[in-house]
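What follows is one structure encoded as structure tokens, with my remarks underneath.
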Amino acid sequence: MTVDRLASAILEGSPNGILVVDPAGRVVFYNPRFLDIWAVPADLIAARRDAPILAWVTGQVADADAFAARVADLYSRPDAVSQDKVVLKDGHTLDRYTAPVTTPDGVRHGRVWYFRDITESERAERTLTRLNRTLRALSTAHEALVHAHSEDQLRNDMCRVIVEVGGYRLAWIGVPMDDAQRKVIPLAWAGPEAAYVVETELRWSDSDLGRGPTGTAVRTGRIQVNRDFEGDPALAPWREAAARHGFKSSIALPLTDKSSVVGSLTIYAAEAGAFDGEEVKLLSELADALSFGAAALRDRIGFEAADERLRQSLIAAVAALASAAEMRDPYTAGHQRRVAALGTAIARRMGLSEDRIQGVFLGCVIHDVGKIRISLEILAKVAPLTPAELALLRTHAQAGFDTVKGIDFPWPIAEMILQHHERLDGSGYPNGLRGEAILLETRILSVADVVEAMRSARPYRAAVGLDRALAEVEHGVGRLYDAAVVAACVALFRQEGFSFDDLGPPRGTAVSPQR
């Protein structure tokens, strides 16, 4: 195959939509992906004139005027290079990159436009952001629960944490009244839009004013999620006020005492589409902890149990965050879960305390969360990575650290994530740490990570098998890997019969000694 034919094949098969327009406004090249992204009619592309194609494309953009102005500006500056995001009317988001096409001798042949659909990446990023802020709220709520001396203080602190740490617009706690109107009376609230609580009438009766999320949550004892104030007819009585206060979505969580509903926690977000599955789970954990903590304060007993319940909520929240990251990359599905199982078993064999073992588990189960910020094209690439791609992939350790560093864990979770590719001899990344500068928890995670990754399939190779994985860590004892950790790991498989098969078959991979 000639170089020209090879280059043409690469461009034709590119996942990016590509369009090249010459200085006279004639289309000199386009690939199939460009046609797919913009659904360009056959007659328009056949004419190979840029103006009608541009008009077609502009008609699909959410802000058509800004799009057209930007294109005109770039065409007026032939040497300009630009990269930005374009939002379409159907909600999709494209990454747009454009540059002049110039030969080495300085002759300008026009302009090339690249379009890449980043809708899923943007959605994953937003999901991670919401989960992370909710996880931070859970962490801070732990402190509020520990230090609360009364139910009133606990309710007010919880609402404040949800708004200030969780990033929501409003949080309030209400109790149902057993009167003729069956009103829901607010007891605590926080947020810049707290006036909404005072001016809005809410009931829990089976009536128009009682069929909103809060009233229904109190009446039925079930979580109520409203992901769009504009689109739900049941929310008509509150739609105008919600719009005035900037609310686009909400969730109402019942608060219980044993088997009865004693109140509700209602939270509002500024964006539509908030409160998806994982976020709901985390907020449900927070509501359960609030209910449990309030009961403990009322009884003045079981306070330590309340603290432990929220601690367990924090653990469940970490697992949810890890699951959200795994869903984005099919090749890492289950990897973190299996690393956590092995890491926990190694820590237990080494005689670590149960509290420290719990920290090892959490660090393992979330160690690759930073990969949500890495392009899917890199994560799922069939061929070996280029040096530039490898350098980008290696940023996932720092990205994971940045994601969780603000959460007040009682274990060194953020440090484990940051260090999990460090090696004893300083050859690892991102900081080239050596020896004892690497946490013992991280040294356990690193060995478990390597063994699980090598015995699993990778996008560009089959699994190499457990024996070779164990040989790899044994070969690196004292140089790359901690001797005691490796000894415990090998003994688990060769003496105690530890098996990943009990956890389900390996469905993919993540980090390996090379990645």
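Report, in order of residue number, the helices in the chain meeting two criteria: a C-alpha extent of 15 Å or more along the helix axis, and a mean Kyte-Doolittle hydropathy of at least 1.0; treat each whole DSSP H run as one helix.
483-494
Apply the a/c threshold of 1.5 to the C-alpha gyration tensor of region 122-316 and tell me whether it is rounded, prolate or oblate.
Because a/c hits 1.5 or more and a/b fails to exceed b/c, region 122-316 counts as oblate.
For D257, list long-range residues whose amide hydrogen, built 1.01 Å from N in the peptide plane, is under 5 Å from its own amide hydrogen.
V262
What nm distance separates the two modelled labels at A383 and S14, each placed 7 Å from Cα along Cα→Cβ?
Between A383 and S14, the simple spin-label model gives 1.5 nm.
Step through the residues of region 85-94 one at a time and calculate ³J(HN,Hα) from phi using the Karplus curve (6.51 cos²θ - 1.76 cosθ + 1.60, θ = phi - 60°), rounding each to whole Hz and writing x for Gly and Pro.
10, 10, 9, 8, 4, 7, x, 6, 10, 10
Strictly over 23 Å apart at the Cα level, which of K371/K405; K85/K405; K89/K281; K89/K248 would you flag in this model?
K85/K405; K89/K281
Sort S264, S14 by Cβ crowding within 10 Å, fewest neighbours at the top.
Fewest to most other Cβ atoms nearby, the residues stand as S14, S264.
Please work out the FRET efficiency for the pair A99 and D43, using the Cβ-Cβ distance as r and a Förster radius of 22 Å; give the result to the nearest 0.05.
0.15
Just tell me which aspartates and glutamates come within less than 12 Å, Cα to Cα, of K183; anything on the same chain fewer than 8 places away is out.
Reachable aspartates and glutamates: E201, D206.
First select every other residue whose beta carbon is under 15 angstrom from the beta carbon of D22; then total the charges, Lys and Arg +1, Asp and Glu -1.
Local charge sum for D22: +4.
Give the label of the value calculated from the structure for Cα extents along the principal axes in Å, choosing from [x] 59, 59, 45; [y] 99, 57, 48; [z] 83, 66, 34.
Identified label for the calculated read-out: [z].
About the Cα centre, and with charges only on the beta carbon of Lys, Arg (+1) and Asp, Glu (-1), how big is the dipole of the chain? Nearest 20 debye, please.
760 debye
Region 156-200 to region 67-140: how many Å between their Cα centroids?
Using only Cα atoms to place each centre, the spacing works out to 39 Å.
Taking amide H positions as placed 1.01 Å from N in the peptide plane, with prolines and chain starts having none, which residues 5 or more places from G426, or on another chain, fall under 5 Å of its amide H?
Amide H neighbours of G426, under 5 Å, 5+ apart: G435.
What ranking of T103, T119 emerges when the number of other C-beta atoms within 10 Å of each C-beta is taken as an exposure proxy, fewest first?
Lowest count first: T103, T119.
Could you point to the residue in G210, H475, V101 farthest towards the positive end of the chain's charge dipole, with +1 and -1 charges on the Cβ of Lys/Arg and Asp/Glu respectively?
Final value for the positive-end residue is V101.
Coordinate-derived values only; no laboratory data. Remember, predicted model here, so these are calculated numbers, not experimental data. Positions of Cβ are generated from backbone atoms using ideal geometry, with glycine treated the same way; all protein chains shown enter the neighbour counts.
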